[in-house]
Amino acid sequence: MAQHLRKGKITCIEISEENAGIAGKNIKDAGLEHKIEILVGDAEKVLPELKQKFDLVFLDTEKEDYIKHLKLFEKNLFKGSVIIADNVKKFKHKVKDYLDYVRNSAKYDSEYFEFGFDAVEVSFLR
């Protein structure tokens, strides 16, 4: 994904310093360190501190935290920003609150995309 960015940057939040180190090495080996930044810490502490706006957000954290994390970064979204929530079929019982919110809130247009054993929910901020 980073290879195809013409401008902007990918921001990742990783709670594990070990995993962030591994990802950082892979990013550097790929020559993409100027396009990807890794923030190390608990998303619940990192998200409220973010000032930049995001065009696209990919949620793949603890599934029961999707709704909490969405509400923490809503202030950082543009009209038309895209939120992709991963594993919403496999963990449907854990993401129920999230799905109810994006599907029934007047804030989002949301669509479910199933592919075999799992699915993603793609939502656009109105």
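The values are calculated or read from the model by the stated rules, or taken from the named source; none is laboratory data. Just so it is clear, the model here is predicted, and its values are computed rather than measured. Don't worry about glycine lacking a Cβ; one is built from the backbone with ideal geometry, like all the others, and counts go over all protein chains shown.
Tabulated results
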{"item": "Where a residue in the range 103-126 is in contact (Cβ under 8 Å) with a residue 40 or more places away in the chain and its partner, wherever it lies, is of a type in the set (D, E), with Cβ under 6 Å and at least six apart", "result": "V122/E111; F124/D109"}
{"item": "Where a residue in the range 85-99 is outside the structural domain of G116 (by TED's automatic domain parsing) and farther than 9 Å from E121 by Cα and its partner, wherever it lies, is in a loop (DSSP other than H, G, I, E, B) and not hydroxyl-bearing (S, T, Y), with Cβ under 9 Å and at least six apart", "result": "none"}
{"item": "Sole exception among (1) part of a strand (DSSP E or B); (2) in contact with a helix residue (DSSP H, G or I) (Cβ under 7 Å, 6 or more places away or on another chain) for L32, by number", "result": "(1)"}
{"item": "Residue match in the range 95-102 (condition: part of a helix (DSSP H, G or I), surrounded by 12 or more Cβ atoms within 10 Å (Cβ to Cβ) and among the aliphatic types (A, V, I, L, M))", "result": "yes"}
{"item": "Filtered residues of the range 55-86 (kept if assigned to a strand (DSSP E or B), surrounded by fewer than 18 Cβ atoms within 10 Å (Cβ to Cβ) and within 11 Å of the chain's Cα centre (by Cα))", "result": "D55, L56, F58, V82, I84"}
{"item": "Single unsatisfied condition, I22 versus (1) hydrophobic (A, V, I, L, M, F, W, C); (2) assigned to a helix (DSSP H, G or I); (3) touching a Ser or Thr at 6+ places or on another chain (Cβ under 7 Å)", "result": "(3)"}
{"item": "Only one of E14, E18, E37, E44 that is surrounded by fewer than 10 Cβ atoms within 10 Å (Cβ to Cβ), closer than 27 Å to K63 by Cβ and without any contact (Cβ under 8 Å) to a residue 60 or more places away in the chain", "result": "E18"}
